[in-house]
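What follows is a short report on a single structure.
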Amino acid sequence: MSLLLVVVLLFFSSSCSVSSGQYYVSDDCSSVTQSPCNPLSVYAGNMSQYNNTIFYFIGTSVINFTVTMDSVQNITLHGLDQSPTIYCILNDYYQGNNFITVTTSSHVSFSSISFLKCYIHLSFSSNITITGSTMTFEKLRYFIDTNSSVTLLNVFDCKIVSSTFNNVPPPTIEYDPPPVCYNELRHYSLTLTNVTVTNGFGSLSINMKHGTSYNISVVIDNVKSISTKGIDLSFSESLFSLHIINSSVSRCNPGTGFLFYFDTYSWISKNCNIKGVEPKSTIVIEDSQFYKNYEGLSLYFHKLNIHHIAVTVRSCSIRDNNGYGLLINGHLSTSICISVIDTELVRNWRNEILFCLSIFLKLSNITVTNTLAIGLEITSSVVTVENRLVFENNTGVVGGGMAIKGSSVVVLSPSANLEFIDNHASLVGGGIYIDENSKFQFKQNSCFIPLTLKDNTAGVAGNDIYGSNFSFNYFNLTNAKASVSSNFRFFFCDPNSNETIPSDTESNGTTSSTQNHDKYEQQIFRGQPLKYNVAFFVFNLDTVASTIDFAPTNGTVLIGIDKLPMTQVSITGNCSLIKYISYNLTYTRHEIILEILNYYYRIQTQFILHDCPIGFSVNSSGVCDCIAPRENVTCDIDSQSIIHNGLLWIGTYDTSTPFNANETNPNTCIINEDCLLYCSPNPVTFQLNDTDTQCVDNKGGRMCGSCRDGYSLLMGSNKCGQCHNNYMMIAWIALFAVMGVLLVVLLIALNLTVSVGTLNGLLFYANIVKLYEPVFSRKGALPVLSQVISWINLDFGFEICFYNGMDSYAKQWLQFAFPLYLWIIIIIIIQLCRRYGKISRLMGSHVVPVLSTLTFLSYTKLVRTIVIVLHKHEVTLHCANESVKSVSLWYEDPNVEYAKGKHAGLLGFALLVSVFFVIPYTLFLLCHPVLEKHLSHFKLFKSWSHFKPIIDAYSGPMKDDYRFWPGLLLVTRIPLLLIVTFLQNESRVLLLAVATIILSLSFIFGGVYRRKLNNIIEFWFLLNLCIMASLSVAFTDDSKKLFKKQDEDDDDQDVTKSHKTVDQQMREIVPSSTNVKLSNDNRINTTRAMPINEHIRNKINVEDSISSIAPLIYNSEYDTATAANPTNADLVKRTNTTPLPPAAQTVIYDKVTGDINK
């Protein structure tokens, strides 16, 4: 029907056309002698009237309009002189208007004409010829759209001959089904001969989507393309034949030289298919060259199952391509036959055949040389080899000459001859690599296939061949010995075991490529490294002795967590340690996969990432560290231990609930405070579930404030001891009761009272020495003197276990009880004296002085006990939820909260004693001279006479002007007690100042006692006190200078012994209960613990030697902690990365962790 329509149109056009002839075209006809001559615009108005006409172009014809040839025939546009040109004027915003359009025409010819800046569009026409013409554009910027310089749509029997396309987009040729379907199969042709494409930025494209509506025969002969894109041929189950001969594509980068793309998807191609016509296509490429492109020759087939295509590549040269030289991708197609014959592949980056399992693919007389990545990689394909297949001087990573992967099969025909010479693989398979699912297959009567293996090398294993399913039974090996390795084994190992070959490895060495190992599951905390010992072994085959050995080899392990790549690390030796620290993961179970790069062997297991344990929190580096960091404190997350230099207490606020060291609790709060009383002054390493390690003298609990389990607080000291008899308390109570009575009787009988005046200096001296006992002596007071001083201070003077389970709370009650018990005794005696005259005569006048003396003795003890009860310790709590708060604890026993619970009752009683005894008694002794002298005559103080005996007992020995002296000495005890309690470091100097002042006053007053002996005695005790304070200050300053000098000497000589700093020495001046031991040379025994900085310095001294020998360590250790960063994402792209040999790899010694990092 369409043909009839064309005939009718031609008939009417011919009847209306100008008679056939020849015309001359020129913009300057005055210089043209021939006629008729006119500009092109004269003829372009109605070209349909010029059938059977030749237009001769002379000079340059400039057009800015469209020349349309619609339904014309037998029209020729021919250049007559040497440079006939059609010049199309374009503007900068031109968007692809066609200047010459030919449609529904036939026998139209363009010859010997140059087209400058012109578009030519030809459609639905036949017998179109372009010969001896040139398409040129001066500036590529005009081609801002995707149009081609020449577009052909359904142009049949077309020829483009001896033409050049320079600096323009090359032609685009497309075949679609006809507008009106044909009833029978028609045959058309397309010929491109002696065509040159230079400096183009598009591709010469042929798109066939006509199905079986007609048949196209395409001949590409001597076509040369030197362009950014090559020649693209796209086919969609169409009927055609293609013959490419003596053609070349070069310098196509980043494009493909010859790209063939076959696809089943085209709804257009099925519109006019002729029934009974089988879709079949033939492609022959011969004597052609593809060089210096990105890809040389690429064949893509997409799910072709019905359309039969035969592709033959013969006598071609594919060389010097930056990407793939030869690339064939079958992609699930089944109806394709490909033959590559007498072709050379030289100096390409790589060559590959993939996904051609159901395609017949034959290689015959192929030479592959000097390939950079791999000679030929065959993946998931079946390839038949006939005649010679030569691989020479190729390099790769896994497989140098040829790699057979993914269940591929290489079928060897009887004529096959394989040669692998001087190939190299950085890992395995210098000549041939065969994975565990691929193999060689031999056709019937194929035996003794020649196999040449010569001078091939591999970095790890299998110089000639690496493959688990390789056999020499059907090969005729040209050299007697070949280096063959088969299969790797990648597994977890035990570095302490002598077993080298794993027991679960089969005799032939085959194992599963992926292994699950739940028994290696680990549990870690944030910042704690995962540690795995792995080994990578290879089976080596001795072709002469027919034996197999199992040897360790090197490899690169890719670490992946939850299917995401993290980092990679190299391993060497028969059992290497891999360490990896995971960051930014959730606290749950994770899967970790260790995969040998380029080998597809992997082992996987699981690990559980926990939140930081109690006492730890995530620091700014994402690692579990001390929850309350401070100087000289180190937290080790690996052992969940804490290390500090002593005189600190670190632990949980709630010490009553036991827990495991690795337990997590987000509500836990940590105490990190100085502890001078009962904490060890030496370096301590402990875990938070065993904080008692920080304590001495059997102390434990919060801040070492209580006794450990099984121990009780001893009377006579602050130490803890064991009670061996639960009934001893009764005996002690009876003994103390008798001692109280004996003390009263002794004072009465010997008249040892304050009324004599000889005891005042002694009592002041004994009270102050007792208060400053931990200051004067680190080990405690002198043995005999300490007993006397303790008794004078109403202490027991020796250590006893009063009852099992006694603590500081009960002890303070007993401190209150004993003075009160003495008062009760003397009060009872007074009452008995009043009632019974005989007892009164027996006692005489000593009762009131004894009462005054006991009250005076009790004063210091009660005041000291009250201060202990009132002493509060503010402690900062560092909680896991990053909150910080403060709590008040009782200083004497931090296990007891201040003013809460049982301490509230003790605190209330202490305040009562202060209000009703301490304050009145102090004011009484201090102010009684004033009251007695100036206020006694007032009625308000009429009862003052009742206190006269007590006043005389204290002030009787004094001169009248110095009756205030006992009260002054009494008041002096209070600031000294507060100083030694709260300002212990400054207490020596302040004591010296106070004692000097009192001594000076006594000397200035010329003696405050009536008797000279009493003045001498008191002067002696005050002088002795000044001497003790002076010596204490002097020795302390000398010790500071001594240790400072020793530290300077240590720095100069770089010795490894350490001494404590001045602050540490000062903090070691603690009560005797801390039991700080001295060595034989009277220096503090620090067990010569090396500080952390010394350890680090020593490690630095050996890092050079470690770095030098690290590559030679057989059981190597590597740390990948610093590899977890954004660049890790690029690691998966480096699948062909060649690991360095062990001796060439950089080894860094980690100064903090001690790890050897690679």
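Scan segment 421-448 residue by residue and report those that are part of a strand (DSSP E or B), surrounded by 17 or more Cβ atoms within 10 Å (Cβ to Cβ), at pLDDT below 85 and not aromatic (Phe, Trp, Tyr). Don't jump to the end; show me each part of the working.
From segment 421-448, those part of a strand (DSSP E or B) are 421, 424-428, 432-434, 439-442; that's our starting set.
Checking which are surrounded by 17 or more Cβ atoms within 10 Å (Cβ to Cβ) leaves us with 421, 424-428, 432-434, 439-440, 442.
In the following step, the residues that additionally are at pLDDT below 85 were identified as 427-428, 439-440, 442.
Hits for segment 421-448 are 427, 428, 439.
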* Of all the residues that make up segment 44-58, how many are open to solvent by 20 Å² or more (accessible area, probe 1.4 Å) and among the small types (Gly, Ala, Ser)? -> 2
* To do: Determine whether residue 378 is within 41 Å of the chain's Cα centre (by Cα) and open to solvent by less than 10 Å² (accessible area, probe 1.4 Å).
  => yes
* Among (1) open to solvent by 40 Å² or more (accessible area, probe 1.4 Å); (2) in contact (Cβ under 8 Å) with a residue 40 or more places away in the chain; (3) farther than 29 Å from residue 262 by Cα - the single one residue 407 does not satisfy -> (3)
* Counting only residues that are in contact with a helix residue (DSSP H, G or I) (Cβ under 9 Å, 6 or more places away or on another chain) and aliphatic (A, V, I, L, M), which one in segment 176-222 is nearest to residue 242 (Cα to Cα)? -> 208
* To do: Name, by its number, the condition in (1) modelled with pLDDT under 80; (2) within 16 Å of residue 1026 (Cβ to Cβ); (3) open to solvent by less than 40 Å² (accessible area, probe 1.4 Å); (4) more than 60 Å from the chain's Cα centre (by Cα) that does not hold for residue 1007.
  => (2)
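What number of residues within segment 748-798 satisfy the criterion of being among the small types (Gly, Ala, Ser), modelled with pLDDT of 75 or more and surrounded by fewer than 20 Cβ atoms within 10 Å (Cβ to Cβ)? Show your work before the answer.
Here is the first cut: in segment 748-798, the ones among the small types (Gly, Ala, Ser) are 749, 755, 757, 761, 766, 777, 780-781, 786, 790, 797.
Filter once more, keeping what is modelled with pLDDT of 75 or more: 755, 757, 761, 766, 790.
Within this subset, residues satisfying the condition of being surrounded by fewer than 20 Cβ atoms within 10 Å (Cβ to Cβ) are 790.
Here the count works out to 1.
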* To do: Would you check if residue 189 is over 60 Å from the mean Cα position of the chain (by Cα) and assigned to a loop (DSSP other than H, G, I, E, B)?
  => no
* **So residue 159, is it modelled with pLDDT under 85 and open to solvent by 50 Å² or more (accessible area, probe 1.4 Å)** => no
* Which listed residue, of 243, 210, is open to solvent by 50 Å² or more (accessible area, probe 1.4 Å) and at pLDDT 80 or above -> 243
* **Qualifying residue in segment 344-359 (condition: of a type outside the set (Asp, Glu), part of a strand (DSSP E or B) and touching a Lys or Arg at 6+ places or on another chain (Cβ under 8 Å))** => yes
* **Top-ranked residue in segment 461-500 [being under 30 Å from residue 577 (Cα atoms), open to solvent by 80 Å² or more (accessible area, probe 1.4 Å) and not polar (S, T, N, Q); ranked as modelled with the highest pLDDT]** => 494
* To do: Considering only segment 291-308, state which residues are touching a residue at least 60 places away in the same chain (Cβ under 8 Å) and surrounded by 16 or more Cβ atoms within 10 Å (Cβ to Cβ).
  => 293, 304, 307
* Out of (1) under 30 Å from residue 629 (Cα atoms); (2) of a type outside the set (Phe, Trp, Tyr); (3) open to solvent by 10 Å² or more (accessible area, probe 1.4 Å); (4) touching a Ser or Thr at 6+ places or on another chain (Cβ under 7 Å), the odd one out for residue 674 is which? -> (4)
* Residue tally, condition in contact with an Asp or Glu (Cβ under 7 Å, 6 or more places away or on another chain), in a loop (DSSP other than H, G, I, E, B) and surrounded by fewer than 18 Cβ atoms within 10 Å (Cβ to Cβ), over segment 867-917 -> 1
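Within the bounds of segment 289-305, is there any residue that is out of contact with any Pro (no Cβ under 8 Å at 6 or more places or on another chain) and closer than 19 Å to residue 400 by Cα? Spell out the reasoning first.
Going residue by residue through segment 289-305, those that are out of contact with any Pro (no Cβ under 8 Å at 6 or more places or on another chain) are 289-293, 295-305.
Now narrow it down to the ones that are closer than 19 Å to residue 400 by Cα: none.
Checked segment 289-305: no residue is out of contact with any Pro (no Cβ under 8 Å at 6 or more places or on another chain) and closer than 19 Å to residue 400 by Cα.
Do we find that residue 401 is open to solvent by less than 30 Å² (accessible area, probe 1.4 Å) and over 38 Å from the mean Cα position of the chain (by Cα) in this structure? Talk me through it step by step, then tell me what you get.
On the way: open to solvent by less than 30 Å² (accessible area, probe 1.4 Å): yes; over 38 Å from the mean Cα position of the chain (by Cα): yes.
Spelling it out, residue 401 is indeed open to solvent by less than 30 Å² (accessible area, probe 1.4 Å) and over 38 Å from the mean Cα position of the chain (by Cα).
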* Out of all the residues in segment 718-728, is one or more touching an Asp or Glu at 6+ places or on another chain (Cβ under 6 Å) and open to solvent by 40 Å² or more (accessible area, probe 1.4 Å)? -> yes
* If you scan segment 609-638, which residues turn out to be open to solvent by 50 Å² or more (accessible area, probe 1.4 Å), in a loop (DSSP other than H, G, I, E, B) and out of contact with any Asp or Glu (no Cβ under 9 Å at 6 or more places or on another chain)? -> 611, 620, 621, 629, 630, 631, 632, 638
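Can you tell me which residue within segment 26-43, out of those that are of a type in the set (Ser, Thr, Tyr) and under 15 Å from residue 99 (Cα atoms), is least open to solvent (accessible area, probe 1.4 Å)?
Residues of segment 26-43 that are of a type in the set (Ser, Thr, Tyr), as a first pass: 26, 30-31, 33, 35, 41, 43.
So of that shortlist, the ones also under 15 Å from residue 99 (Cα atoms) come out as 41, 43.
Values: 41: 67, 43: 5 Å².
Across segment 26-43, the extreme among qualifying residues is 43.
The values are calculated or read from the model by the stated rules, or taken from the named source; none is laboratory data. Model, not experiment: these values are computed from the prediction. A quick note on method: Cβ atoms are made from the backbone with ideal geometry, for glycine too, and the neighbour counts reach across all protein chains shown. With ligands, DNA and RNA removed, areas are computed over all heavy atoms of the protein, side chains included. Shrake-Rupley method; radii C 1.70, N 1.55, O 1.52, S 1.80 Å.
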